[in-house]
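Participant: Pasting in a structure now, in structure tokens, and then I'll have a few things to ask.
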Amino acid sequence: MPYCTLADIMGLIPEEELIQLTDDYSLCAVDQTRIDQAIADAQAEIDAYAASQYPVPFSPVPAIIRKITVDLAGYALQARRQSELPEGWKERQKAALKFLENLSRGIVTLGPKESAPRSAGGPQVAAPDRVFSRESLSDY
């Protein structure tokens, strides 16, 4: 399940601009394949950061992950066509990457612990309480 949809991206980038960014063959239509690839690339980047703290892929997708996916996919679409990005896109990308870095370090979380984070370190071992100890064996 993708972390965002074309409709999510169209909430940030107008359709006319998306046509300019994705239409390589002058069909005057949004190229869904290019959008899907930008979303998949953004999702892979998010998963690479989040995998150290959370099971990925996310299901359901947290709202902040959806927003970051839109920002990263939108940045990629803008960058593929324009040498000079429109105002705000570099800041969106930097903010998204900073959040993901902090997420991977456990500095920020995705809200309430609905999906438990992975534990760091080695294997977890459970055992019953000790029956014998130095004190209980001191008479022998």
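Participant: Note down the net charge around Ile19, summing +1 for each Lys or Arg and -1 for each Asp or Glu among other residues with Cβ under 15 Å from its Cβ. Provide the component values of the computation, followed by the final result.
Facilitator: Values: positive: Arg34, Arg80, Arg81; negative: Glu15, Glu16, Glu17, Asp23, Asp24, Asp31.
With Lys, Arg at +1 and Asp, Glu at -1, the net is -3.
Participant: List the pair-distance distribution P(r) of the chain, using every Cα-Cα distance, as the percent of pairs falling in each 5 Å bin from 0 up to the bin containing the longest distance, rounded to whole percents.
Facilitator: 2, 9, 17, 17, 14, 10, 7, 5, 4, 3, 3, 2, 2, 2, 2, 1, 1, 0, 0
Participant: Between Lys98 and Val131, what is 0.36 nm times their sequence separation minus the Cα-Cα distance? Round to one decimal in nm.
Facilitator: 6.9 nm
Participant: What's the Kirkwood radius of region 6-69 in Å, using all Cα pairs?
Facilitator: Kirkwood radius, region 6-69: 13.0 Å.
Participant: Per residue, how many Å² of accessible area does the chain show with a 1.4 Å probe?
Facilitator: Working: 9280 Å² over 140 residues.
Accessible area per residue, the chain: 66 Å².
The values are calculated or read from the model by the stated rules, or taken from the named source; none is laboratory data. Given the structure is predicted, the values throughout are model-derived calculations rather than measurements. Because the Cβ atoms are built from the backbone with ideal geometry, glycine has one as well, and the counts that use them run over all protein chains shown. Surface areas here come from the heavy atoms of the whole protein model, side chains and all, with no ligands, DNA or RNA. Shrake-Rupley method; radii C 1.70, N 1.55, O 1.52, S 1.80 Å.
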